[in-house]
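Trainee: One structure is given below, represented as structure tokens, and several questions about it will come after.
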Protein chains: 2
Amino acid sequence: MKLTPMIALGAALASASTSLAEEGMWLFSALPKDKIQAAYGFTPDDAWVDHVMKSSVRFNSGGSGSFVSGDGLAITNHHVGLDALQKMSSDTKNFVRDGFYAKTQADEVKCLDLELNVLVSTEDVTARVNAGVPAGATGDEAAKARRNVISGIEGESHDKTGLRSDVVTLYQGGAYHLYRYKRYTDVRLVFAPEQQIAFYGGDPDNFEFPRYDLDICIFRVYENNQPIHPEHYLKWSVDGVKDGDVVFVSGNPGRTERLFTLSQLKFSRDVSLPAILRTYKRRDVAMTAWSARSDENLRRAKHDLFGIRNSRKVLDGQLAGLQTPSFLGAKEEAETALKAKIATLPDGSAGISAFSDMDSAQMTIARIFTRFRVLESMSYPRPNPVAFNSDLFVFARTLLRAGDERPKPNGERMPEYTEAKKDSMQLDLFSEKPIYEDLEIITLTDSLEEMTELLGGDDQTVRAVLAGKSPHERASELVRGTKLRDVAFRHKLYDGGAAAVTAANDPMIELARTVDDEARSLRRTYEAADEIRKQAQAVIGRARFAAEGAGTYPDATFTLRLSYGSVKGYEDDGKEIAPVTTIAGLYQRSDEHHDHEPFDLPDTWVRSKASVKMDTPFNFVSDCDTIGGNSGSPTIDRKGEFVGIIFDGNSYSTSGNFGFNAARSRAVSVHSAGILESLRDVYGVTALSQELVNGHR
Amino acid sequence: MKLTPMIALGAALASASTSLAEEGMWLFSALPKDKIQAAYGFTPDDAWVDHVMKSSVRFNSGGSGSFVSGDGLAITNHHVGLDALQKMSSDTKNFVRDGFYAKTQADEVKCLDLELNVLVSTEDVTARVNAGVPAGATGDEAAKARRNVISGIEGESHDKTGLRSDVVTLYQGGAYHLYRYKRYTDVRLVFAPEQQIAFYGGDPDNFEFPRYDLDICIFRVYENNQPIHPEHYLKWSVDGVKDGDVVFVSGNPGRTERLFTLSQLKFSRDVSLPAILRTYKRRDVAMTAWSARSDENLRRAKHDLFGIRNSRKVLDGQLAGLQTPSFLGAKEEAETALKAKIATLPDGSAGISAFSDMDSAQMTIARIFTRFRVLESMSYPRPNPVAFNSDLFVFARTLLRAGDERPKPNGERMPEYTEAKKDSMQLDLFSEKPIYEDLEIITLTDSLEEMTELLGGDDQTVRAVLAGKSPHERASELVRGTKLRDVAFRHKLYDGGAAAVTAANDPMIELARTVDDEARSLRRTYEAADEIRKQAQAVIGRARFAAEGAGTYPDATFTLRLSYGSVKGYEDDGKEIAPVTTIAGLYQRSDEHHDHEPFDLPDTWVRSKASVKMDTPFNFVSDCDTIGGNSGSPTIDRKGEFVGIIFDGNSYSTSGNFGFNAARSRAVSVHSAGILESLRDVYGVTALSQELVNGHR
């Protein structure tokens, strides 16, 4: 499960209240058919459900998609395909900037490492998993026993069926389901538009609506060097949907935290989110100011700046959700009701005391939170503490700790230095990505300044880190003094282990050493409290499942779910936002901005202005409950046809990890008619558009 | 004293160590001639000093300037003249954007309300002031007696000489000097370049170097409807200065806090500056994101956004200074030495205990600081608490409090509602400036969110303010529900007093009422502690003066001072920054930025590219000690000639209010040769350039 690419590219999709019709990312095996029938007068039958499930495709690069032709076409978002596009680009072919179309089958370009999964079946294995855990086992013993029985089930299924077999933990451990997938690893690019139109409106329009984006990427799936002919694929709806039509979203929402307890939510509201946002905002300001000084600065900072702004928008939306009194009020009521139910269960007292365990773990974390973030951070495996926003520092800490950890038995190491994580750790450590001295000084200076603000100028650790210099002088001295920019030097120290690391006497590594005892100690405290938190969460989850059963949906786990709702506008600041935009709106937005970036149009769109059908629907919103991981999910009508593709959510959707705001959260799709019109009259790729309409070449 | 215009327009000039040659904003009556001689082999004689003093001009709009012709030409910065330029502009004549040149005397345009002051003499009246204060008077009694004797001295001098006569408090009350000024109120515009070249490089280049700005504005001073012929004016140096030349700056530095105690400085470093900066940064991010959504948004937010960024840069620089260990280390050493000296004075114990009084006042303020800022703020008279960043809220609080305060006796009112402040309070309250509903919702939402973060979502005041809504919903409801956008309505409530204000039942006023008891209580606590702080500061200042005498310079007081130094580059991030730029560099910077705003050139400069002398010096830096208020000060050579005009400082100068960073703080001037070349070969204003060179028309 890799959610970063989606989040990094504008689709941390998401969707506050607990019993509204459109909430829920439902298991295909437990759809709320009565609710759907009551709301929309339509019940998906078993054939509909099976067809949609087997037409849905999971992209292992972190998104969703679907089969849209009997000859193996699979469609997803441009930003889900982006990683593959980047890897197949070269100095002479820029697939990201210029787009791509394979005129013939021979022209289709194979992706380097893209894996697709299609869910074939699911099976409830809860009883078998629970039977494998001895009664009275302690937390650690129970976890170990559970891991054992799960691997057994997975191995047995794989041996029997040849299918990828994953046991998925649902309801925080309330249920375990075995998911079997057909895997495809020969995936070839057929069509991609220019990134400019795929991500039209850039950062300003990200998480907003109205929108005008052609965020699509079309692949063809092969086996044995031939296109597959999937039994199930979605028929393309030429006209698509309009305001008020019922729609479904079939995809793989990545992660939700809707079962967070009240104390966890308040910690996020009052402590963690504000702190993280302050860091993002100061970094945004520092990088924006530096970028404005020269085009070269802008070029160097652009990627990081986009990432900061995207994350900032998501977290701003999450915090706004938590700062809405009705949202937390509903959570509080629900928690009180849940506790009352749990109290009546046979072993209810364990469930109730898990809430207190959670509260005290949360208090421990709150106590050390600032120092922990500053010196260690939660975002390991990549060690990126707030005080040291510097790639060179990350190398330094990795080398220092790798030297100390690697001689230990595998089981006793910090997790990021275990054999299982070795490849990704080395990939980061030996990355050839350019490191700009001036940008490193800017980011390290700003983060040393933030450290000084957060811990105070008289703090002993701050004094030791600054070594009598100002943050700027110290950052400059460290960045210029270290030899870690040199990949060969990093290789040498890594290979030489702790002795070589010490002998190097590198200033950045010595800085990492200065804070290492305290950072490790903070991390031990954090992890102990976090383990209590996880165990309490699991106890509460199981108690909840026992009290409420499968009548609710489990938190998202990057596995296949179905959401439902309708094409529906919303009210924002007293303005009614209409649910469907047209291609005409795209040209209008470009005009309003004098065609300035990021509102400028690619040449293909400029040239086709006279011929394209302006009133064609282009993007639309629905009140389906989605979140990051749903990027690329098909939007489906009651006939089971493809009517659009999810690529973003509006600003109210960003708090969807904590809960669903039924009134205002919206999922944003590219409209099936808009895609078809673009292919025909902008790109002139008739064969492809024909294949989509006909379902076959 | 009005420093805002300078700060608002990029010239919060400033210049860390205590005994370096170039530090100091010296009294003309107590120049450190020995130090200057030792450093530069030159001693300004009495005639030189008198000539420079009488050639220097104070602009009451908040800056400095000088006479540069015997026919009354006075030169200052464009950003100092800006207020006058705006007031004389109309729908059909945009002097700010388009610039201006008066071909004939008849074309010269009179400023509406610009007052210039020229210092004629100074006199030490310390003994007389102190004699007027009875021994053993309490703090309040002493202050009252002091105010009485000072008004007596000022009135007597004015009656005798007809000159504006101000008693200036120096060394925090260690000395009192009587300053007599000749006033000029008929000031006419002769020349202004386009703002685009006056403020070339805009926000990105603000407080940076190298620079390429023609930040000048030339007026002619009249009396009895005729140009004056001042006895003293600065001869224009056609060639100006070069790297290494000694230079002097004669002007009116606005305010420094170099005598802050260590506890005050640490409070600024660890509490107040970080808090204020976080507010600026989040506002910068919110406004930038909103501005990027449309050109109209950008237009509406532009002015506020520039103000935020400018203030943010100044405070970032101040904090960076305080976070430099050597800076505070030197302050700590100096304070220890000072305390040792004070302890040996006859009444030294009062001085020593003033330090403890300061520390405890500082602790009281730290304790309430967050709530005070959120609900009341330090920036009265304009009530602008962090929680309510909204012009409409300011109207609401002003009406509520005016209703409560105005019936009280004048002496018992909050200061901003006294008769003395009535005009400026009414000016704000009845301002016709446009209020944009959408922008108000954005800024109020962001500030309600900040309140929730700072006080916590469960805080009783936060809950009362939000009234069960999210910050966004609440801001939207308040801004749309209030009638305070209507100036006539504000007039009606103001005239109707408290009864009308209550009867209006306006939601924004009721919000102001909800927090008023707590806000007033916080303010009483703050003001009591602040009074202790002020009195302690005065006791320390006097003890310091008693211990050290006039061998040091007093903190800046927007009165005439002389700084000295030399044309000198500096090291930044390991790069040597050359001290002088040329006109060629301007064209190069524009090219590098593809002539995009704010690096685009006015048409006059584009057209003259072929004819202008590219190697002419344009801007230069010197290590003179300057700060806001010095904007427009002449830079003078050893011959007493005009070699440039101060318009900004580099980033290291922004911490100049706390102390002078001799190694890196630099004052930025427009070069006299660059000005002349611009007038001749870009603007073709030959008569004016001749007058400057000849000293006469």
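The values are calculated or read from the model by the stated rules, or taken from the named source; none is laboratory data. Fair warning: this is a prediction, and the values are worked out from it, not measured in the lab. With ideal geometry, Cβ positions are generated from the backbone for all residues, glycine too; neighbour counts draw on all protein chains shown.
Trainee: Taking residue A:526 and the conditions (1) among the hydroxyl-bearing types (Ser, Thr, Tyr); (2) surrounded by fewer than 17 Cβ atoms within 10 Å (Cβ to Cβ); (3) within 30 Å of the chain's Cα centre (by Cα), which numbered condition does it fall short on, given that it satisfies the others?
Mentor: Of everything listed in (1) among the hydroxyl-bearing types (Ser, Thr, Tyr); (2) surrounded by fewer than 17 Cβ atoms within 10 Å (Cβ to Cβ); (3) within 30 Å of the chain's Cα centre (by Cα), residue A:526 misses just condition (2).
Trainee: Quick one: how many residues across region A:582-617 are assigned to a helix (DSSP H, G or I), under 19 Å from residue A:670 (Cβ atoms) and charged (D, E, K, R)?
Mentor: Residues meeting the conditions: 1.
Here's the yes/no breakdown for (1) surrounded by fewer than 21 Cβ atoms within 10 Å (Cβ to Cβ); (2) facing chain A (nearest Cβ under 9 Å); (3) in contact with a Phe, Trp or Tyr (Cβ under 8 Å, 6 or more places away or on another chain); (4) closer than 26 Å to residue A:322 by Cβ:
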residue: B:422; (1), (2), (3), (4): yes, no, no, no
residue: B:427; (1), (2), (3), (4): yes, no, no, no
residue: B:433; (1), (2), (3), (4): yes, no, no, no
residue: B:436; (1), (2), (3), (4): yes, no, no, no
residue: B:440; (1), (2), (3), (4): no, no, no, yes
residue: B:444; (1), (2), (3), (4): no, no, yes, yes
residue: B:448; (1), (2), (3), (4): no, yes, yes, yes
residue: B:464; (1), (2), (3), (4): yes, no, no, yes
residue: B:467; (1), (2), (3), (4): yes, yes, no, yes
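Trainee: Counting only residues that are aliphatic (A, V, I, L, M) and touching a strand residue (DSSP E or B) at 6+ places or on another chain (Cβ under 7 Å), which one in region A:581-596 is nearest to the other protein chains (Cβ to nearest Cβ)?
Mentor: So the residue we want is A:586.
Trainee: A further question follows. Out of all the residues in region B:186-200, which are closer than 19 Å to residue B:601 by Cβ and of a type in the set (A, V, I, L, M)?
Mentor: B:192, B:197, B:198
Trainee: Those residues that are of a type in the set (Gly, Ala, Ser) and outside any loop (DSSP other than H, G, I, E, B), I need them from region A:621-641; list them, please.
Mentor: Matches in region A:621-641: A:622 only.
Residue by residue, here is whether (1) under 30 Å from residue B:555 (Cβ atoms); (2) within 14 Å of another protein chain (Cβ to nearest Cβ) holds:
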residue	(1), (2)
B:199	yes, no
B:206	yes, yes
B:209	yes, yes
B:213	yes, no
B:227	no, no
B:235	no, no
B:241	yes, no
B:246	yes, no
B:250	yes, no
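Trainee: Applying the selection to region A:409-436, what residues are modelled with pLDDT under 85, in a helix (DSSP H, G or I) and not acidic (Asp, Glu)?
Mentor: Those that are modelled with pLDDT under 85, in a helix (DSSP H, G or I) and not acidic (Asp, Glu): A:411, A:415, A:420, A:421, A:424, A:427.
Trainee: With respect to residue B:309, determine if the residue is at the interface with another protein chain (Cβ under 10 Å from one of its Cβ atoms) and under 23 Å from residue B:372 (Cβ atoms).
Mentor: Judged against the criteria, residue B:309 is not a match.
Trainee: In region A:101-148, which residues are of a type in the set (Lys, Arg) and either within 30 Å of the chain's Cα centre (by Cα) or outside the structural domain of residue A:54 (by TED's automatic domain parsing) (or both)?
Mentor: Within region A:101-148, A:110, A:128, A:144, A:146, A:147 qualify.
Trainee: Against the definition (of a type in the set (Lys, Arg) and buried (at least 19 other Cβ atoms within 10 Å of the Cβ)), how does residue B:607 come out, yes or no?
Mentor: Against the criterion (of a type in the set (Lys, Arg) and buried (at least 19 other Cβ atoms within 10 Å of the Cβ)), residue B:607 does not qualify.
Trainee: Kindly provide the set of residues from region B:282-331 that are of a type in the set (D, E, K, R) and closer than 21 Å to residue A:474 by Cα, ordered by number.
Mentor: The answer is B:313, B:316, B:331.
Trainee: Same structure, new question: Could you grab me the full set of residues in region A:469-485 that are part of a helix (DSSP H, G or I) and within 10 Å of chain B (Cβ to nearest Cβ)?
Mentor: A:471, A:472, A:473, A:474, A:475, A:476, A:477, A:479, A:480
Trainee: Confirm whether residue B:188 is in a helix (DSSP H, G or I) and either under 28 Å from the mean Cα position of the chain (by Cα) or modelled with pLDDT under 95 (or both).
Mentor: It is false that residue B:188 is in a helix (DSSP H, G or I) and either under 28 Å from the mean Cα position of the chain (by Cα) or modelled with pLDDT under 95 (or both).
Trainee: In region A:296-306, how many are buried (at least 19 other Cβ atoms within 10 Å of the Cβ), of a type in the set (A, V, I, L, M, F, W, C) and within 11 Å of another protein chain (Cβ to nearest Cβ)?
Mentor: 0
Trainee: Further question on the same structure: Among (1) within 10 Å of another protein chain (Cβ to nearest Cβ); (2) buried (at least 19 other Cβ atoms within 10 Å of the Cβ); (3) among the basic types (Lys, Arg), where does residue A:293 come up short?
Mentor: Of (1) within 10 Å of another protein chain (Cβ to nearest Cβ); (2) buried (at least 19 other Cβ atoms within 10 Å of the Cβ); (3) among the basic types (Lys, Arg), only one is false for residue A:293: (2).
Trainee: Kindly check whether there is at least one residue in region B:458-468 that is part of a helix (DSSP H, G or I) and within 26 Å of the chain's Cα centre (by Cα).
Mentor: no
Trainee: Is it true that some residue in region B:40-55 is outside any strand (DSSP E or B), at pLDDT below 95 and touching a strand residue (DSSP E or B) at 6+ places or on another chain (Cβ under 7 Å)?
Mentor: The answer is yes; a qualifying residue exists.
Trainee: Another question, if that's okay. Would it be correct to say that residue B:510 is within 27 Å of residue B:446 (Cα to Cα), within 14 Å of chain A (Cβ to nearest Cβ) and out of contact with any His (no Cβ under 9 Å at 6 or more places or on another chain)?
Mentor: No: the conditions fail for residue B:510.
Trainee: Let me ask something else. Any residue that is buried (at least 19 other Cβ atoms within 10 Å of the Cβ), within 30 Å of residue B:689 (Cα to Cα) and more than 11 Å from chain A (Cβ to nearest Cβ) - is there at least one of those in region B:252-264?
Mentor: Scanning region B:252-264, I find at least one residue that is buried (at least 19 other Cβ atoms within 10 Å of the Cβ), within 30 Å of residue B:689 (Cα to Cα) and more than 11 Å from chain A (Cβ to nearest Cβ), so the answer is yes.
Trainee: Can you give me the ranges of the helices (runs of 4 or more DSSP H) entirely in region B:74-148 with at least 3 residues that are touching a Ser or Thr at 6+ places or on another chain (Cβ under 7 Å)?
Mentor: B:78-88
One line per residue, one yes/no per condition, for (1) modelled with pLDDT of 95 or more; (2) surrounded by 16 or more Cβ atoms within 10 Å (Cβ to Cβ); (3) of a type in the set (A, V, I, L, M, F, W, C); (4) not in a helix (DSSP H, G or I):
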residue: B:13; (1), (2), (3), (4): no, yes, yes, yes
residue: B:16; (1), (2), (3), (4): no, yes, yes, yes
residue: B:19; (1), (2), (3), (4): no, no, no, yes
residue: B:22; (1), (2), (3), (4): no, yes, no, yes
residue: B:34; (1), (2), (3), (4): no, no, no, no
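Trainee: Can you name the residue in region A:377-404 that is of a type in the set (D, E, K, R) and at pLDDT 95 or above and, of all such residues, is surrounded by the most Cβ atoms within 10 Å (Cβ to Cβ)?
Mentor: The residue in question is A:397.
Trainee: Quick check on region A:602-623. Is at least one of its residues aromatic (Phe, Trp, Tyr) and more than 30 Å from residue A:232 (Cβ to Cβ)?
Mentor: Yes, the conditions are met somewhere in region A:602-623.
Trainee: Please pick out the residue among B:171, B:181 that is under 25 Å from residue B:256 (Cβ atoms), aromatic (Phe, Trp, Tyr), away from chain A (no Cβ under 14 Å) and in contact with a strand residue (DSSP E or B) (Cβ under 7 Å, 6 or more places away or on another chain).
Mentor: B:181
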